[in-house]
Structures are given as structure tokens and as C-alpha cells.
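Here is the structure we will look at.
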Amino acid sequence: MPQSPRFPPAAWLFCRVIDNYGDIGVSWRLACRLREAGFQVALWHDSPAVLAKLLGAAPPPAPIRLHHWQDDAAESIAAELAAAAPALVVETFGCDLPPAALAAVRAHRPLWLNWEYLSAEPWAEAMHGKPSLQADGSEKYFWLMGFSEQSGGLLREKGYLKKQQAFLADSAAQAGLRYRLGLPENSDPAAVRCFCFGYAGAVWADWLAAWQAAGEPLEVWLADHQVIDSLCRAGAIPESALRRAGDVWQAGAVRLVRIGFVPQAEFDAVLWLADVALVRGEDSFVRAQLAGKPLMWHIYPQAEQAHLPKLHAFWRKAAETAPLPAAHAALSNDLNGATALTPAARTECWRALLQQLPQWQHAAAQWQRELLRQSDAVERVLARWPGLLG
């Protein structure tokens with residue numbers, strides 16, 4: 001008798017957007033990576049406008065079904081759950097599954113993962129992969145991404161390095177991206193090109209003053225509006241400055257350029273085009289590391305400085321493979337509120353760091369090689385549960 005056709009196993013992801021773009025950004029990358037690995041993927045999320053901005057003009061891949069998670073009793077959830085039994089159910093960042101999804105878990109006993117925030121802290125490696133027995137006897141596993149073989153790994157699509165190398169060898173692709181971003185054609189070839197995507201805060205006016213005082217040619221690409229709004233509120237730039245993508249504001253050796261919000265499909269290429277990255281959150285932070293770029297991490301600030309142990313744990317981890325110039329730690333702490341540098345010290349640190357750019361680049365390349373050497377997060381899931389794909 002002819003065999004029945006085999007269908008790819010189903011993976012269901014659930015995401016609630018708490019703030020900004022990190023939750024949905026990571027969830028979307030996970031959905032795409034699971035699709036690439038061979039799953040049928042459905043993603044329920046509660047912020048269509050945020051995801052639409054993140055995707056830009058790129059349509060979602062056909063195999064990924066998107067559902068607006070409006071409430072726990074959404075008809076789309078019940079309809080989807082009635083259509084097939086899942087092999088994998090993922091609740092991202094501690095969001096609780098809706099009742100219909102919990103019923104499917106109890107009925108079909110799929111692999112159930114709580115996909116948690118990224119951390120290099122020791123407790124995260126200790127907790128990673130541990131089961132949590134639920135009241136009904138089902139097991140949910142904690143999956144914590146990280147930077148070592150003992151962690152849950154990072155999200156990275158296949159062929160990443162080849163894509164980067166191809167872009168860097170394609171001058172037409174680079175020129176096209178510069179045009180779409182609105183980057184000026186008359187850039188100073190000696191200037192360090194810095195991509196900047198940070199949270200709002202008073203620190204940016206201090207940093208602009210330090211960049212100007214350092215006297216090193218610097219072209220800063222300001223993505224979205226938060227840093228620009230901060231500079232305007234502080235009176236560091238005029239209210240009329242940098243209102244549209246492509247606008248330029250020059251002060252001494254520093255040129256600020258506003259670029260539009262960068263959709264996820266082009267984010268890697270923007271990083272590849274830059275020399276230095278100042279990035280925020282989780283997804284942008286990981287992509288800058290994979291790009292092998294010298295970077296500063298503007299970590300999401302939390303009450304009572306709760307973000308600082310996570311920040312320091314990462315830089316300690318990276319320093320084991322790729323030691324950084326001494327000025328880097330001082331500026332990282334300044335950016336994230338751990339300490340406040342004096343204007344003179346901030347200027348001197350930035351001058352030293354820009355003058356030591358080759359050393360900084362070498363450290364970033366070392367760290368990139370370490371990360372690319374490791375298996376990615378989805379490969380680790382499949383290695384631990386090899387029967388998932390049938």
C-alpha cells in the first residue's frame with residue numbers, strides 16, 4: 001500500500017510584547033529558524049503593529065502562520081489547535097499559555113519549552129534545560145540562551161558567515177543599502193562609522209560632548225528616534241535637527257546622520273556596513289556579536305540597577321576569549337548607569353577607544369569566531385530531542 005505523505009511537525013510559539021521590540025524580535029527569529037529547520041510554524045502574538053514595523057516591507061515566509069493573540073479565548077487559537085497535534089510548544093519569556101494551548105499540551109504531550117531571556121550569569125547555565133513538573137504531570141523545560149556550550153546557545157540561521165562575506169564583497173549591495181538608509185555620499189573616509197540604536201536617556205548628550213571633544217572623525221548613524229529625542233531635550237542639538245531619515249547634523253569632527261527604523265531583514269547588513277555598533281536590548285545585541293563588530297551594549301535598565309549583574313556577567317564571559325581595551329569597561333558602565341565619568345574622563349576614554357580601534361576590532365573578531373564555532377540554539381534543541389523532526 002502507498003504510504004501516507006509525511007507532513008512537517010508543527011511548532012507553536014506564543015509571545016506577548018512587554019516593551020520595545022526585543023520580545024517579538026527574538027520570537028520572530030526563533031520562528032524563522034524553526035521553519036528553516038523543517039517545522040511548520042505558527043506564531044501567536046499580541047502586537048501586530050510592532051511586528052509589522054520589525055518586518056518592514058518583507059512579507060512573512062508562507063510557512064509561518066501569524067495569529068493576533070487578542071485574548072486567551074481567541075478563535076484562531078482554537079481553530080489552529082484543532083487542526084494538528086504539535087510536536088513543539090514554546091512560550092517565550094514566561095508568557096502563560098492560553099487555556100486552549102494548555103489543553104493541547106495535556107492531550108498531545110509535545111515538547112514544551114519556556115524560552116527565557118538571554119544571560120551569561122552562572123545561575124542561567126545552572127537552570128538551563130531543567131524540567132519543571134506541572135500539576136497535571138506534564139513537563140515544561142527551561143531554555144536559557146547563552147554564550148557557552150553549557151547554555152541554550154544563540155539564534156543563528158544557516159550560512160550566516162557566507163552571507164556576511166558575500167555582502168562585504170558586493171560594492172553594489174553596499175551602495176544600495178547606503179542609499180536606502182539615506183547615508184550621505186560625501187562621508188569622510190577617515191571617519192569611524194558608528195551604528196547607534198539605544199534607549200532614551202541623558203547620557204547621550206554627555207557622549208556627544210565627549211565625541212566632539214575627542215576630536216576623532218566619527219559618523220554616527222542614529223536609528224529610530226529615541227537617541228535623537230534625548231539630544232533635543234538636552235539642548236545638545238536643535239529641535240529642528242534630524243527630523244527625517246537622511247538628515248545630517250555636523251559639529252566639529254562628529255557627524256550625526258538620522259536613518260529610519262531598520263527592519264530585521266536588513267539589520268545584519270547595516271551592522272556589516274558599520275565599523276562600531278552601539279546597540280540595545282537582546283536581539284540587536286546578539287546580532288552585533290555575530291557580525292564581529294566592536295560594540296557597546298545599552299542593556300534595558302531595571303529598577304535598583306538589577307540590569308548590572310547581567311551586563312557585567314556578559315563582559316566577563318567575553319573577556320575570557322577576547323580581552324578589550326581598558327577604556328571599554330569605563331564607558332560601558334557610564335552608558336548603563338553603573339558609574340558616571342567626569343566629562344574629561346569620558347572624553348579621554350572615547351579618544352583612547354577610537355585610537356585603539358584595531359585592538360577593539362581584533363577582540364570582536366575573536367569573539368565572533370568563538371560564537372560561530374558553537375552550535376546554534378535550535379541545533380541544540382534538536383540534539384537534545386532528536387525525535388522532534390520525526
*Taking region 53-69, which residues are of a type in the set (Gly, Ala, Ser) and open to solvent by 60 Å² or more (accessible area, probe 1.4 Å)?*
Ala57, Ala62
*Among (1) more than 24 Å from Arg351 (Cα to Cα); (2) at pLDDT below 95; (3) surrounded by fewer than 17 Cβ atoms within 10 Å (Cβ to Cβ); (4) not β-branched (Val, Ile, Thr), where does Ser171 come up short?*
(2)
*asked:* The conditions are (1) over 18 Å from the mean Cα position of the chain (by Cα); (2) on the phi < 0 side of the Ramachandran plot, and Gly337 fails exactly one of them. Which is it?
replied: (2)
_Quick test for you: out of Val262, Val270, pick the one residue that is open to solvent by less than 50 Å² (accessible area, probe 1.4 Å) and either modelled with pLDDT of 95 or more or more than 26 Å from Ala166 (Cα to Cα) (or both)._
Val270
*asked:* Between a residue in region 377-390 that is at positive phi and any residue that is assigned to a loop (DSSP other than H, G, I, E, B) and open to solvent by 20 Å² or more (accessible area, probe 1.4 Å), which pairs come within a Cβ distance under 8 Å, given they are 6 or more apart or on different chains?
replied: Gly390/Arg6; Gly390/Pro9
*Give me a count of the residues in region 174-217 that are in a helix (DSSP H, G or I), farther than 24 Å from Leu54 by Cα and open to solvent by 30 Å² or more (accessible area, probe 1.4 Å).*
4
_Cβ-Cβ under 8 Å, sequence separation 6+ or interchain: first residue in region 294-307 and assigned to a loop (DSSP other than H, G, I, E, B), partner among the aromatic types (Phe, Trp, Tyr) and open to solvent by 50 Å² or more (accessible area, probe 1.4 Å). Which pairs?_
His307/Tyr300
*Selection within region 125-173 - in a helix (DSSP H, G or I), in contact with a strand residue (DSSP E or B) (Cβ under 9 Å, 6 or more places away or on another chain) and free of Cβ contacts under 8 Å to residues at least 24 places away in the same chain*: Met127
*Scanning region 273-293 for residues that are of a type in the set (D, E, K, R) and not in a strand (DSSP E or B), which turns out surrounded by the fewest Cβ atoms within 10 Å (Cβ to Cβ)?*
Asp275
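Filter region 185-212 for residues that are farther than 17 Å from Leu295 by Cβ and either at pLDDT 95 or above or in contact with a Leu (Cβ under 6 Å, 6 or more places away or on another chain) (or both) and give the result. Talk me through it step by step, then tell me what you get.
Of region 185-212, the ones farther than 17 Å from Leu295 by Cβ are 185-191, 200-202, 205-206, 208-210, 212.
The answer is Ala191, Ala200, Gly201, Ala202, Ala205, Asp206, Leu208, Ala209, Ala210, Gln212.
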*Scan region 294-320 residue by residue and report those that are open to solvent by less than 60 Å² (accessible area, probe 1.4 Å) and closer than 20 Å to Trp350 by Cα.*
Pro294, Leu295, Met296, Trp297, His298, Ile299, Leu311, Trp315, Ala319
*Taking only region 358-390 into account, find how many residues are assigned to a helix (DSSP H, G or I), of a type in the set (S, T, N, Q) and within 23 Å of Val26 (Cα to Cα).*
1
*Of all residues in region 96-124 being at pLDDT 90 or above and part of a loop (DSSP other than H, G, I, E, B), which is most open to solvent (accessible area, probe 1.4 Å)?*
Arg109
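The values are calculated or read from the model by the stated rules, or taken from the named source; none is laboratory data. The shown structure was predicted, so the numbers you read here are calculated from the model rather than taken from an experiment. Cβ: placed from backbone, ideal geometry, glycine included. Neighbour counts: every protein chain shown. To get the accessible areas, we keep the full protein, side chains included, count just its heavy atoms, and leave off ligands, DNA and RNA. Shrake-Rupley method; radii C 1.70, N 1.55, O 1.52, S 1.80 Å.
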